[in-house]
1. What number of residues in segment 242-266 are closer than 20 Å to residue 364 by Cα and either outside the structural domain of residue 277 (by TED's automatic domain parsing) or free of Cβ contacts under 8 Å to residues at least 24 places away in the same chain (or both)?
2. Test each condition in (1) in contact (Cβ under 8 Å) with a residue 60 or more places away in the chain; (2) surrounded by fewer than 24 Cβ atoms within 10 Å (Cβ to Cβ); (3) under 30 Å from residue 268 (Cα atoms) for residue 317 and report the one that comes out false.
3. Has segment 126-138 got any residue that is under 22 Å from the mean Cα position of the chain (by Cα) and not assigned by TED's automatic domain parsing to the domain that holds residue 231?
4. Just checking, does segment 15-30 include any residue being at pLDDT 95 or above, farther than 27 Å from residue 238 by Cβ and buried (at least 19 other Cβ atoms within 10 Å of the Cβ)?
5. Of the conditions (1) surrounded by fewer than 19 Cβ atoms within 10 Å (Cβ to Cβ); (2) at pLDDT below 95, residue 237 clears all except one; give me its number.
6. Find the residue count for segment 259-273, including only residues that are assigned to a loop (DSSP other than H, G, I, E, B) and within 20 Å of residue 349 (Cα to Cα).
7. Is there a residue being at positive phi, surrounded by 24 or more Cβ atoms within 10 Å (Cβ to Cβ) and either at pLDDT 95 or above or in the same structural domain as residue 58 (by TED's automatic domain parsing) (or both) anywhere in segment 214-234?
8. What about residue 362, is it more than 21 Å from residue 205 (Cα to Cα) and in contact (Cβ under 8 Å) with a residue 12 or more places away in the chain?
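The values are calculated or read from the model by the stated rules, or taken from the named source; none is laboratory data. Bear in mind that the values here come from a model prediction, so they are computed numbers and not experimental data. Every residue, glycine as well, gets a Cβ built from its backbone with ideal geometry; the counts of neighbours run over all protein chains shown.
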């Protein structure tokens, strides 16, 4: 395959930044999609706003769009060739209102995996019937803690959210009730380096954006398959949408897009997290739910090397991905997970190098282009 050109700089300016184009896809548009997805609320079980953004983007591409009965969105392009499913999960980790105290504070339950130490004093938005209400996860000031208390981490069950109310009745008047979703507040923002961005929900709005941008490239160039772009629901609470969407599509090949744990910060053992920001997309060779199809994995390696795309490999022993659940659909689906390194995942704020995101789009689009009937038949013949 002919080498794919890198993103090129052109003379479209926005402030001091120059934007580029990549095979007909604007970098600025791609970045704007990621920003919109990250800023929108969408904790597990409440992904409607994310689905709306994806539906709008996919409608522009004249795809056939359906949803499964859990809310995963599925867009199809093409009617000949093997079925190729590319997916990113729409949900982010967050919380749910558990109860409201008589003093007007909110006790909450976690949606997804949180480390208790990253929660205290963080801003959140409670999405009730009357719209979002800003609050903060409260804690005792250190001045009134005993020596023993200072040495112990505060557990989630001992935390609360303060929305500025003085009674349960005031909270209810704000439109808040048990069962309402609670979303971290952390706007998508460029950092000191113009390639570095900070914000919430990079896990896994990055994956959703890669899936959509892959389809855009394939629409421009044509693809030898039926391409299904999927935004799954409830990944953070059990890979649920991958199971239902995968059953509906019944794909021949599945590619799931995720974030990878960045290991380039102080104190992180390289044996536990090898990925680094700015060094390219990550091809997962193992996670808790998946040993990838070896031929599909090797196709990803070969494609990256042919196109001179820097890539990384990593293992995620402590987590599972939608790729693992998709691999179990019906008689089994050859599957692979490709990731973008992100720092500080499963907290209010992540950090990403946008060039890794662009390169992930380039790599996945090139892989999809190769998945014709003959190649897929070879991949499905395991031994």
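1. Count: 0.
2. Residue 317 satisfies all of (1) in contact (Cβ under 8 Å) with a residue 60 or more places away in the chain; (2) surrounded by fewer than 24 Cβ atoms within 10 Å (Cβ to Cβ); (3) under 30 Å from residue 268 (Cα atoms) except (1).
3. Within segment 126-138 (the criterion being under 22 Å from the mean Cα position of the chain (by Cα) and not assigned by TED's automatic domain parsing to the domain that holds residue 231), the answer is yes, since at least one residue qualifies.
4. Filtering segment 15-30 for residues at pLDDT 95 or above gives none.
The answer is no, given that none of the residues of segment 15-30 is at pLDDT 95 or above, farther than 27 Å from residue 238 by Cβ and buried (at least 19 other Cβ atoms within 10 Å of the Cβ).
5. Tallying (1) surrounded by fewer than 19 Cβ atoms within 10 Å (Cβ to Cβ); (2) at pLDDT below 95, residue 237 fails exactly one: (2).
6. Total satisfying the criteria: 7.
7. The answer is yes; a qualifying residue exists.
8. In short, no.
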